[in-house]
Structure formats: structure tokens, C-alpha cells
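**Q** Here it is, the structure in full.
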Amino acid sequence: MKLVVEGVISRRKGRGAYMAAITSLPDGNLIACQFVGKSLASSDNHIEVLRSVDGGATWSNEGSTHGGGPPADGWAYRAPHIYAVPGGRLMLTATRFDTSRQAQTFDPKTHELQHPELLIFWSDDVGRTWSSPQVIPVPLPRERYTTNGAGVFFQLAPDRWMYPIETWKPVGYKGPPDQMAAALFSSDQGRTWGELTVVAHDPAHNLLYWDHTGTVLPDGRIYIMAWTHRYSANEDLPNHYVVSSDQGRTWSQPMPTNLPGQACAPVALPDGRVVTIYNHRRQPAGVRAAVTRDLVRYDLDNEVVLFDAGKEDLLGSPDPSNVLAVNMAQGFGKPGGVLLPDGAVMAYYWGTVDGISHTRWARLQP
């Protein structure tokens, strides 16, 4: 695997751009989305859409999906992703967090999260305008769980769409978080949602399966990887994976790979190999990509460094013993990837360069 070319989606000084996602459209052009705000957890987080007609060399910023800037509705909007769906429509998934009572969406001291809602926006004009958000109900008690989007959305069949989510604990709940990697399903192409399955979970609340994201293998199985953390010891474990052979109804037990990462994004290749783009948080920190043939052992001797974070891997001086405080101070991260029609993989991520927030992309040739 080699890095062929790389580029920048956007640069922002003073107000960060985070968690870009790129989608290859049926017409061959690229559309991207990201959220912007003063910080990762600030109340002004909102969504922008960008477009490229030259393979990513240049991007035009088409502005906020909320009409000119942050919406004054008491919500912070995060982690968007655009998908092409049947009928020529586009769908944008995102999560919004209630900031009407507290500006920050997350409190690293109490580990409490403001109430979120799962969203879908629809577009009938290739992403130039978007509908009001459709709120996706989650069949879990609100006083015990928060639920936010995770990973990428799957159109497994015309009557089976999968919306990955993860749980945490809400403001006011004093017990440990019951963190689950899970998914919601729709049988009518996103109009209604009901079935919920658990993808990975430790009932003892010790192992946490964060930021799970996946890919559909050539044989139809779903392969999902997760940043795996031992909560009691504040210790990252190697990334774990699970597999489903029945369109997400049941899942294998989480098993470790040899990938020493945090958030990661696998992309299946037609020949059965998987390219995973991941956050490498040990020094030298940055974003890397590695290949596996058996879903377990990655070829780390031949991995590709996509981004070297240097001294800007952390912004500020968070308490190193508090993994959640450190996570809120990250200067780079949340990688993803898309398989292009020509067989190349376009990776994307965000990072900080000379104090300026970048969303970036890199083209990999497996």
C-alpha cells in the first residue's frame, strides 16, 4: 500500500473544523461534511457541506446546513456523514446535543454527557439544500442512557438499513456508564426505526467499546472495529473486532487485533483485504493506515503514516489520568475512509498544523 497524493478540505484558525467525512457521488464528484465550532465540545458546533469536482484538489464550501451559521436552537450538531440512497436522494446522519442548560456537551470531571438526539437530514438536490432534521427514537430509558451516532451507516438491503450508535450516561446519573456499541435498524428505508441489537458490550462496565465503525466484506459479512479501553485501569487495549453474518442481527464476541490504535475505520477491498485508517496515540502520534488479510493481524511493518501530529497531538494541558479529559483536548483524529470506483481508498481525518485546524484527505493505492 502506498500514499499517492494528499490534500486539504478546509483550514480554520480560531474556530476549529472537525470530523470531516467524504462521499463519492454517482456523478463522480465528491461531497464532504464536517462540523465546526470553537472546540470539540462547544455549544456552537454546527454542520457545513463542501464539494469537489476535481477529485479533491479543490473544495467549495457551500455553507451551513442550518442556514448561514450556528443555529440558535439550543443544540450543538456533531459528527455528520452523507450517503447516497435510492431515488437520487442524499441522506446526512448526525448527532445533536442539548446545550440549553450547559454550554459544553460533555463534563470530563463527572463523565456526564448532555442529552443527545440521533438525526437524519434529507436532500433532493444533491446536497445543496437539506430538510429539517428527522429525530430517530431509541428504545432505551433516557434517565439511564445517552445515545449518539457511531461509525458509518449501512444500506445492507432495500429493507434493512443499519444506524450504528453507542451509549453513555446522562447528566444526573451517578452510577457508572453502561457503554454499549449497538445499532438501530429500519425496514422501510429510514422512515421508521425499531429493532435494536447490541454489537459489543461488557456487562461489568469495565471494557468500553468506543467509536465502533465498520465495513461490509465481499462475502456480505459486516466487520466492525472498536477502540477498546479498560475503564478501571485507564488503559487502552489493542483494537477489537466483531463480525456479523446475518445482517447485524447477531454478533461474534469481541476479539483483539494487533492494531495499537484508538478510533479507527476499516475499508474492505474487493479481494478480501481490509485497509484500516486509525489514530496512533503513542509517540510519534498521528494518523496511520495498515492492511490485514485475515481481519486479525495487521501488517504494521508496512503501514503508511498519513499525518504526523508532532507537538500538536494535544491542545492544552489536560489531566493525563483522565482519558476523557485528554480525549476532549486532542489535536487530531476521527479518521475515516471510502473506497473509490477506481479501487483507491480515500482516507480523511482532522488535524492541527501551526495552530490552525485542518480537515484533510489522502489517497491510498492498495
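The values are calculated or read from the model by the stated rules, or taken from the named source; none is laboratory data. These numbers come from a predicted model, not from an experiment. All Cβ positions, even for glycine, are placed from backbone atoms using ideal geometry, and neighbour counts span all protein chains on display.
**Q** Filter segment 111-166 for residues that are touching a Ser or Thr at 6+ places or on another chain (Cβ under 6 Å) and exposed (fewer than 14 other Cβ atoms within 10 Å of the Cβ) and give the result.
**A** 159
**Q** Shifting gears a bit: Does at least one position in segment 72-79 carry a residue that is surrounded by fewer than 22 Cβ atoms within 10 Å (Cβ to Cβ), in contact (Cβ under 8 Å) with a residue 12 or more places away in the chain and at negative phi?
**A** Within segment 72-79, not a single residue is surrounded by fewer than 22 Cβ atoms within 10 Å (Cβ to Cβ), in contact (Cβ under 8 Å) with a residue 12 or more places away in the chain and at negative phi.
**Q** Mind listing just one residue for me: the one in segment 91-110 that is hydroxyl-bearing (Ser, Thr, Tyr) and crowded, with 18+ Cβ neighbours inside 10 Å and, of those, modelled with the lowest pLDDT?
**A** Among them, the one singled out is 105.
**Q** Tally the residues that are crowded, with 20+ Cβ neighbours inside 10 Å, closer than 21 Å to residue 59 by Cα and touching a residue at least 60 places away in the same chain (Cβ under 8 Å), restricting the search to segment 318-344.
**A** 5
**Q** Which is within 17 Å of residue 139 (Cα to Cα) and either loosely packed, with under 14 Cβ neighbours inside 10 Å or in contact with a strand residue (DSSP E or B) (Cβ under 8 Å, 6 or more places away or on another chain) (or both), of 172, 214, 190? Even if it seems obvious, please write down each step before you answer.
**A** Working: 172 fails: within 17 Å of residue 139 (Cα to Cα); 214 fails: within 17 Å of residue 139 (Cα to Cα).
Answer to the check: 190.
**Q** Which of the residues spanning segment 85-105 are under 19 Å from residue 72 (Cα atoms), in contact with a Leu (Cβ under 8 Å, 6 or more places away or on another chain) and not in a loop (DSSP other than H, G, I, E, B)?
**A** If the condition is that a residue be under 19 Å from residue 72 (Cα atoms), in contact with a Leu (Cβ under 8 Å, 6 or more places away or on another chain) and not in a loop (DSSP other than H, G, I, E, B), then 94, 95, 96, 97 are the ones that fit.
**Q** Being within 28 Å of residue 49 (Cα to Cα), among the small types (Gly, Ala, Ser) and assigned to a loop (DSSP other than H, G, I, E, B): is that true of residue 127 here?
**A** Spelling it out, residue 127 is indeed within 28 Å of residue 49 (Cα to Cα), among the small types (Gly, Ala, Ser) and assigned to a loop (DSSP other than H, G, I, E, B).
**Q** I would also like to ask the following. Taking the conditions exactly as written (out of contact with any strand residue (DSSP E or B) (no Cβ under 8 Å at 6 or more places or on another chain) and either in contact (Cβ under 8 Å) with a residue 12 or more places away in the chain or buried (at least 17 other Cβ atoms within 10 Å of the Cβ) (or both)), does residue 28 satisfy them or not?
**A** Yes, satisfied.
**Q** If you don't mind, another one. Could you please find all residues in segment 150-194 being closer than 19 Å to residue 89 by Cα, in a loop (DSSP other than H, G, I, E, B), within 19 Å of the chain's Cα centre (by Cα) and not aliphatic (A, V, I, L, M)?
**A** Answer for segment 150-194, where residues must be closer than 19 Å to residue 89 by Cα, in a loop (DSSP other than H, G, I, E, B), within 19 Å of the chain's Cα centre (by Cα) and not aliphatic (A, V, I, L, M): just 153.
**Q** Identify, please: which residue in segment 324-354 is at pLDDT 90 or above and part of a loop (DSSP other than H, G, I, E, B) and is, among those, nearest to residue 176 (Cα to Cα)?
**A** Initial filter on segment 324-354 (at pLDDT 90 or above): 332-354.
Then drop every residue that is not part of a loop (DSSP other than H, G, I, E, B), which leaves 332, 340-344, 354.
On the way: 332: 28, 340: 42, 341: 45, 342: 47, 343: 44, 344: 43, 354: 38 Å.
Taking the candidates together, the pick is 332.
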